[in-house]
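Shown next, in structure tokens, is the structure this report addresses.
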Amino acid sequence: MIVKEAEWLKKVNANIVLSDAPFLPCAAAASAGIPSAIVSNFTFDAVYSGLCEGDELDITIRRLAEQVKDDYKKSELLIRLPGYIPIPSYSGTQLYPDSNVTKQILNGCVTSNGSSDRISRRRNVIDVPLVVRKFKTPRNVVLSNLGISKEIFDSHKVLLVSFGGQNLVGIEEWGSPLPDDWIAIVCGNPGAVLPDRFYACAKDAYIPDLTNAADVVMGKLGYGTCSECIGHGKPFIYVPRPQFIEEYGLRSLMETQGLCVEMSKEHFETGQWKEYILKAYNMRGVCQNTDKKLTHDGGKVVAKLVEQFLDERLGTNKRIRRSNRLVYDNGTVSQPSLY
């Protein structure tokens, strides 16, 4: 796979690979003789470390996690997004406000290979503001396009269920999980049979438009959902996934930059939603602590950083010859699918 990807990178004359955040592209870039950068709040070696449970499978997990870390170590730059956890392949990034999280990672399957001094740019680690997608379409247009009448969306508040593909098995047995004057939009499952006051959206719906149209969002702690809730000032109800260690950083991000309520898996799966929805709605607003509030221009900042990094990496004499071609790991390049 690495050989195939390296050949493709050479064929398209790529100058740099940005990874968010699979590990093979870093190894492929090194094989092709070009730099790579990680643009993420986590890497999968840390995630895999959270799967260790003290049994014989830990031996395999440790071996694979170390292999993954070796691939990440072939990258030359870490552009670290808010909501981060320790990145094992970059020494000096092990500090995190929750010492228990750091301990889980460092004492789990992946170990630190450097000092715990604070990071600096000379370590090729740069923290950036929030990278967030913003809405494009006005709320009334978005809701009307979903077949929701103006009479309904003017008189009801909106819950966005943003898990993506949840089939909501047993929903017909829940009674009504929504407060009386609420409706819900369900993402990722347009063919599902939904009860009254639930609406399905297209599978390829632009989620920031739906987030902006909602009064409360319910979902899992993922960077996209968290950043878009913060960017649009929407309260967020999350259902935790205990073994996905990225959640620790994102929960901290939501607590300091946004508004969030935790719902137990049991209550989510049995439709006991009402009290959480109302609690979240009554918290609505944005982070008021201006001393700690992040700006939301991370996309522009990252773009400038990548250009500056590549110019310095190639050298002044090569700047004119640079093609400015970037290979992103965001689905915009159809082949191969790693990027």
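Values as computed for the structure displayed
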quantity: Selection count, the range 6-38, where residues are out of contact with any helix residue (DSSP H, G or I) (no Cβ under 8 Å at 6 or more places or on another chain) and under 16 Å from P88 (Cα atoms); calculated: 1
quantity: Exclusive hit being assigned by TED's automatic domain parsing to the domain that holds E262 and at pLDDT 95 or above, set K203, K157; calculated: K157
quantity: Those residues of the range 160-195 which are modelled with pLDDT of 95 or more and loosely packed, with under 15 Cβ neighbours inside 10 Å, in sequence order; calculated: D181
quantity: Candidate set from the range 58-116 (those that are of a type in the set (G, A, S) and at pLDDT 90 or above); member that is farthest from A29 (Cα to Cα); calculated: G83
quantity: Sole residue being in contact with a Gly (Cβ under 9 Å, 6 or more places away or on another chain), assigned by TED's automatic domain parsing to the domain that holds I87 and buried (at least 16 other Cβ atoms within 10 Å of the Cβ), chosen from A46, A37, A30; calculated: A46
quantity: Residue match in the range 8-31 (condition: of a type in the set (K, R) and at pLDDT 95 or above); calculated: yes
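The values are calculated or read from the model by the stated rules, or taken from the named source; none is laboratory data. Note that the structure is a prediction, hence the values are computed from the model and not measured. Cβ atoms come from the backbone with ideal geometry, glycine included; neighbour counts cover every protein chain shown.
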